[in-house]
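Take a look at the structure set out below.
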Amino acid sequence: MSILILLVGVAAFAVLGVVFFAKAPPSQIAAVLRVAGPLLVTLLGTILSLTGRVGVGAPLIMLAAAWYRRLHRQSRLQRPQGQKSAVRSAWLEMELDHDTGELDGLVLAGRYDGRVLSEMSEDELRILASELESDRESAELLETYLDRRMPGWREDSDMDSGARQTGPHDTGAMSHEEAYKILGLEPGASASDIRKAHRSLMQRVHPDLGGNAFLAQRVNEARDLLLRDHGDRDP
């Protein structure tokens with residue numbers, strides 16, 4: 001009986017979904033699917049499990065849980081307004097607010113995987129810094145954040161940034177998607193918008209202005225790549 005009630009509920013939900021998708025604009029449909037996706041997969045997994053197909057239903061429920069955790073982790077860095085840039089390394093995904101200059105980041109690996117830097121204690125950040133010593137790019141990104149949040153942290157740290165290799169980073173080929181994210185622009189931005197975003201960012205990330213060489217290099221690479229699409233090689 002309980003299974004029958006559940007199936008009736010699913011059918012009613014499906015009818016409402018068809019009505020919604022027939023009338024809603026594409027952007028609204030995408031937003032709903034982003035949130036409802038894990039719920040739908042969970043519901044399907046539950047139905048299969050209750051009907052004796054646990055071997056299929058249980059993995060679907062686990063998949064839905066992982067999907068939800070991923071969406072939750074990604075949403076923790078999102079803010080409602082303002083132009084933002086994103087730079088990613090093996091350990092960190094950093095986000096810079098163009099208007100305020102606020103820098104924050106999401107840890108992508110290690111014991112603090114999924115944590116946001118601004119929500120971590122100073123002791124946790126020092127431990128993270130020691131874990132990143134072998135990854136030059138991630139270490140420099142974290143150092144930039146620590147310099148802003150904890151100006152005197154280097155005096156109490158064993159990290160020796162001067163001992164690391166200096167000079168340009170070999171970051172590999174940059175994709176257009178990554179370039180737009182770094183400059184905080186939408187695909188198809190004009191050459192004027194690209195230059196404007198570049199100038200604004202360099203005032204935040206230049207090594208002489210509190211940034212670091214890695215951030216400045218990535219911003220320059222993003223500008224050069226996107227300007228080439230406009231047939232413009234003169235920055």
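Of (1) surrounded by 18 or more Cβ atoms within 10 Å (Cβ to Cβ); (2) modelled with pLDDT of 80 or more, residue 203 satisfies all except one. Which?
(1)
Which residue pairs have Cβ atoms under 8 Å apart, sit 6 or more places apart or on different chains, and have a first residue in segment 52-79 that is closer than 30 Å to residue 104 by Cβ and among the hydrophobic types (A, V, I, L, M, F, W, C) and a second that is loosely packed, with under 14 Cβ neighbours inside 10 Å and at pLDDT below 70?
That search, which allows pairs on different chains as well, returns 71/34; 71/35.
For residue 174, all conditions in the list (1) modelled with pLDDT under 90; (2) of a type outside the set (Ser, Thr, Tyr); (3) buried (at least 19 other Cβ atoms within 10 Å of the Cβ) hold save one; what is the number of the exception?
Going through the list (1) modelled with pLDDT under 90; (2) of a type outside the set (Ser, Thr, Tyr); (3) buried (at least 19 other Cβ atoms within 10 Å of the Cβ), residue 174 breaks only (3).
Residues are listed down the side, and each one gets a yes or a no for (1) modelled with pLDDT of 90 or more; (2) not charged (D, E, K, R):
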site: 188; (1), (2): no, yes
site: 195; (1), (2): yes, no
site: 198; (1), (2): yes, yes
site: 210; (1), (2): no, yes
site: 213; (1), (2): no, yes
site: 220; (1), (2): yes, yes
site: 224; (1), (2): yes, no
site: 231; (1), (2): no, yes
site: 235; (1), (2): no, yes
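The values are calculated or read from the model by the stated rules, or taken from the named source; none is laboratory data. What you are looking at is a predicted structure, and each value in this text was computed from that prediction instead of being measured. Reconstructed Cβ throughout: ideal geometry from the backbone, glycine too, with neighbour counts over all protein chains shown.
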